[in-house]
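**Student:** My structure is below; once you've seen it, I'll send some questions.
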Amino acid sequence: MKKIGILYGMENTFPQALVERVNSKGVEGIVAEAVKIDRVIQAEPTEYAVIIDRISQDVPFYRAFLKNAALCGTAVINNPFWWSADEKFFNNCLAEQIGIPVPKTALLPSKERPTDTGETSFRNLTFPMAWEEMFSYIGFPAYMKPHNGGGWKSVYKVENPQDLWNKHQETGQLVMMLQEEIVFDDYFRCYCIGQKDVLVMPYEPNNPHHLRYAAEMKAKGEEGEKLVATIKEYVLKLNIALGYDFNTVEFAVRNGVPIAIDFCNPAPDADIYSVGPDNFEWVVEAAANMAIERAQKHIPGQTNLTWGTFVKNAVVPATVSSPAIATPPTELSEVPAPENEKIAIKKVPQKKATKATAVVKPELAVAVTPPTEKPGKTPAVKPAKKK
């Protein structure tokens, strides 16, 4: 008997529905249940062929448990090794290389020094940094957000350089991104399951949380069909490159061009009360089918993880002949990849920044003098729709 386990936290509708859906299909030799952990011993396999992870991003104990399980052969969805290394700034860099439009983005040093560092820890950082060039490249208004954050936490809209300096005072040791504002005509959130099933959902980020999926697509007819086809193509390319089996991707459409805004959501919202009954039914069915397929293809004692083409293409066979050096496998996953998995990585040239007239301010890291009055925290905001 092969077990499919669901590891989850506070969510109440999706995990139970997924367990029930898998079991209702009556697939011989397959059963689903909530994961049960009574001990975690190094290099000891779990009883699960597949574990769908919905919570380890918030619970380090679970992340360590999942890495041990994966090492011992469990197919963990999503890959906990890659998920631990992934972050939003890297996602944007990779998207550019595979030809998917993303907002212009720059990385900012943290306002406060990381713990256990001093002034000499930053000797490779140029003072002053090229603030004028960065501001000219991004433009204002812009958005400042954590380079590895989620859930629209610590997100600020900044109107000009002075506004950026003021709000950056609140960010502590967070490493932030400065990203251009995309004034959009349409907005979409897309599920991607198993690197092959895609659901494109009209989405309104300015609505209250429970009404964000209560939106209609504005592009109609042939234009709308072409837009949806392009979005599906981009969703698959991103998830195949990153190696995610369960993810969501958000697009803001500007002048007919879908721009990827957020595509690092390996435990995406799937609650029936937020996504709505129709979307909920789709994701439960697609996730159940994926989990069953992975359980059927599971090979005990071998690596059963999914790795993206970014990692696979970087694996080079060893050139030194030595019994102490193992030759890497040609495939890092026992699960066959979709036919369209091979993606050509092409460098997209960056636009050269030009000088701006903004006044250069003190450095964000190390050298910033705190203001005498701490500015009030700006609530998280979303891009405004074009009128």
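The values are calculated or read from the model by the stated rules, or taken from the named source; none is laboratory data. Note that the structure is predicted; figures quoted are calculated from it, not measured. Ideal geometry is used to build each Cβ from the backbone, glycine not excepted, and the neighbour counts take in all protein chains shown.
**Student:** Say we look at region 145-172 and pick out the residues that are within 11 Å of Leu108 (Cβ to Cβ) and within 17 Å of the chain's Cα centre (by Cα); which of these is surrounded by the most Cβ atoms within 10 Å (Cβ to Cβ)?
**Tutor:** Lys145
**Student:** Considering each of Glu250, Glu233, Glu216, Glu222 in turn, give the residue that is surrounded by fewer than 17 Cβ atoms within 10 Å (Cβ to Cβ), of a type in the set (Asp, Glu) and within 29 Å of Lys312 (Cβ to Cβ).
**Tutor:** Only one candidate qualifies: Glu233.
**Student:** Starting from region 208-219, keep only residues that are free of Cβ contacts under 8 Å to residues at least 60 places away in the same chain and closer than 13 Å to Asp186 by Cα, then list their pairs with residues that are surrounded by 12 or more Cβ atoms within 10 Å (Cβ to Cβ) and small (Gly, Ala, Ser) whose Cβ atoms are within a distance under 9 Å, requiring at least 6 positions of separation or different chains.
**Tutor:** Met217/Gly224; Lys218/Gly224; Ala219/Gly256
**Student:** Please verify whether region 121-143 includes one or more residues that are of a type in the set (Lys, Arg), in contact (Cβ under 8 Å) with a residue 24 or more places away in the chain and farther than 30 Å from Pro300 by Cβ.
**Tutor:** no
**Student:** Sticking with this structure for a sec: If you go through region 115-139 one residue at a time, how many are surrounded by 13 or more Cβ atoms within 10 Å (Cβ to Cβ) and under 25 Å from the mean Cα position of the chain (by Cα)?
**Tutor:** Adding up the residues that qualify gives 3.
**Student:** Next question. Give Gln179, Gln195 a once-over and let me know the one that is touching a helix residue (DSSP H, G or I) at 6+ places or on another chain (Cβ under 9 Å) and either under 16 Å from Ser274 (Cα atoms) or part of a strand (DSSP E or B) (or both).
**Tutor:** Answer to the check: Gln179.
**Student:** Then there's this: Can you find even one residue in region 242-253 that is among the acidic types (Asp, Glu) and either in contact with a Gly (Cβ under 6 Å, 6 or more places away or on another chain) or within 30 Å of Lys2 (Cβ to Cβ) (or both)?
**Tutor:** Checked region 242-253: at least one residue is among the acidic types (Asp, Glu) and either in contact with a Gly (Cβ under 6 Å, 6 or more places away or on another chain) or within 30 Å of Lys2 (Cβ to Cβ) (or both).
**Student:** From the list Lys226, Lys218, pick out the single residue that is assigned to a helix (DSSP H, G or I) and either closer than 24 Å to Pro277 by Cα or of a type outside the set (Val, Ile, Thr) (or both).
**Tutor:** Within the list Lys226, Lys218, the selection yields Lys226.
**Student:** Let me ask you something else. Could you pull out the residue among Gln195, Gln179, Gln162 that is within 30 Å of Pro208 (Cβ to Cβ) and either at pLDDT 95 or above or in contact with a Lys or Arg (Cβ under 7 Å, 6 or more places away or on another chain) (or both)?
**Tutor:** Every option except Gln179 fails the conditions.
**Student:** Moving to a separate point now. Could you say whether any residue in region 28-47 is surrounded by 15 or more Cβ atoms within 10 Å (Cβ to Cβ) and over 30 Å from Gly276 (Cα atoms)?
**Tutor:** yes
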